[in-house]
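Shown next, in structure tokens, is the structure this report addresses.
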Amino acid sequence: MTKAIVASGLTKHFGDVKALNGIDLEVEQGTVVGLLGPNGSGKTTTVRILSTLLKADSGSATVGGIDVASHPDDVRKVIGLTGQYAAVDNYLTGRENLELFGRLFHLSKSEAKVRAAELLERFDLEDAADRGIKGYSGGMRRRLDLAASLIGNPSVLFLDEPTTGLDPRSRQGMWDVIEGLVAEGTTVLLTTQYLEEADQLASRIVVLDHGSVIAQGTSDELKNQVGGDRIELIVTHSEDLARAEETLKPLASGATVVEEAIRKVLAPVSGGSRAIVDAVRRLDEANIDIADIALRRPTLDDVFLSLTGHVAEDAEVGPKKPGRRGGRGGKK
Ligand SMILES: Nc1ncnc2c1ncn2[C@@H]1O[C@H](COP(=O)(O)OP(=O)(O)OP(=O)(O)O)[C@@H](O)[C@H]1O
Ligand SMILES: [Mg+2]
């Protein structure tokens, strides 16, 4: 497969702040790669360098095989960018905004009109097309933003936090649109703080923390890195705990853990749902009463926690709080 995006050793300082510490990245053509990381980890800086808005201090990158530093104008012809903050003009209507973007893309007036109408239809914005976008909801603005970035039919699309601030329905709508674009062959690099979003959309995930890549792989590979599936058993009587652990040991693919206070036994297993059937049978034969038993797959939250020792901040809890990473929030 051909690589749509290749970056190697990208670094970037802002004054004393080392925003990027040597980022390597590859995105196969026609796939979605998710750049996942907490506030200030370097996601936007990476996207800005790859989309030619910013020059790296060192390292190199190509997009569509074109070098971003030496041929930025050629790169711009093949990419689309939806920035983290809306790029559309508040005082124009949705249609006017798209036509303006079309003209910026050197379409003729009539071509720009046709393209704008197509995109308004595709993004379900026809009814609102001739209203000023001041009155658009957050979800409508994000859709208009994405529509604007598609004016030039880009083969590589950069989406910087495409769904931050959207409600679950609008988020699902945005995911559907992105999946549609990928089905048509578009390559997408998207940044997100939502582990769930990376899980849903991205075929590969690159995890950033403090300007470095700390892990990458498919969602499953990352989860397996944390230790695969595990059985979580809660026994009814605490005196059964030790026997329960002994009973599960033959099934476990690694060390078992007992949490006495909550009468819980954790056993890593590799057999998936077969393992849990087997466990229930053995516990039953040993006359151990089960209060609760479940097979749990690690989530990307577990991955993040085990990789970084901290949870992905603000990942699922609404608006971002600037300045949480003491002194690293210079931009906001
Ligand atoms: N123009 C700038 N001037 C000074 N510092 C900057 C600038 N842009 C980014 N930074 C700093 O570089 C670091 C990385 O920022 P970046 O915006 O790439 O992070 P991010 O992962 O996109 O974060 P967020 O999730 O908040 O969008 C941060 O410490 C940020 O404060
Ligand atoms: Mg950002």
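The values are calculated or read from the model by the stated rules, or taken from the named source; none is laboratory data. All figures in this text were calculated on a predicted structure; none of them were measured in a lab. Using ideal geometry, Cβ is built from the backbone for each residue, glycine included, and neighbour counts are taken over all protein chains shown.
Identify the single condition in (1) more than 28 Å from residue 306 (Cα to Cα); (2) at pLDDT 95 or above; (3) within 14 Å of ligand 1 (Cβ to nearest atom) that residue 45 does not satisfy, given that it satisfies every other one.
Status for residue 45: all satisfied but (1).
Just to be sure I understand, how many residues within the range 40-79 are buried (at least 20 other Cβ atoms within 10 Å of the Cβ), within 16 Å of ligand 2 (Cβ to nearest atom) and outside any helix (DSSP H, G or I)?
Of the residues in the range 40-79, 4 are buried (at least 20 other Cβ atoms within 10 Å of the Cβ), within 16 Å of ligand 2 (Cβ to nearest atom) and outside any helix (DSSP H, G or I).
Do the conditions hold for residue 112, that is, is it outside any strand (DSSP E or B), of a type in the set (A, V, I, L, M, F, W, C), within 16 Å of ligand 1 (Cβ to nearest atom) and under 16 Å from residue 150 (Cβ atoms)?
The answer is no for residue 112.
One line per residue, one yes/no per condition, for (1) within 18 Å of residue 96 (Cα to Cα); (2) not assigned by TED's automatic domain parsing to the domain that holds residue 32; (3) not in a helix (DSSP H, G or I):
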position: 125; (1), (2), (3): yes, no, yes
position: 145; (1), (2), (3): yes, no, no
position: 151; (1), (2), (3): yes, no, yes
position: 158; (1), (2), (3): no, no, yes
position: 162; (1), (2), (3): no, no, yes
position: 166; (1), (2), (3): no, no, yes
position: 170; (1), (2), (3): no, no, no
position: 175; (1), (2), (3): no, no, no
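With respect to residue 103, determine if the residue is assigned to a helix (DSSP H, G or I), farther than 30 Å from residue 213 by Cα and over 26 Å from the mean Cα position of the chain (by Cα).
Here the answer is yes, as residue 103 does meet what is asked.
More than 27 Å from the chain's Cα centre (by Cα), surrounded by 20 or more Cβ atoms within 10 Å (Cβ to Cβ) and in contact (Cβ under 8 Å) with a residue 12 or more places away in the chain, is that true of residue 116?
When the stated conditions are applied, residue 116 passes them.
Can you run down the residue pairs with Cβ atoms below 7 Å, 6 or more apart or on separate chains, where the first is in the range 284-312 and farther than 17 Å from residue 268 by Cα and of a type in the set (A, V, I, L, M) and the partner is at pLDDT 70 or above and assigned to a strand (DSSP E or B)?
Close Cβ pairs satisfying both conditions: 288/235; 290/233; 290/235; 291/234; 291/235; 307/207; 307/214; 307/215.
So which pairs qualify, if the first residue must be in the range 21-44 and without any contact (Cβ under 8 Å) to a residue 40 or more places away in the chain, the second must be within 10 Å of ligand 1 (Cβ to nearest atom) and of a type outside the set (A, V, I, L, M, F, W, C), the Cβ gap must be under 9 Å, and the two must be at least 6 apart or on different chains?
none
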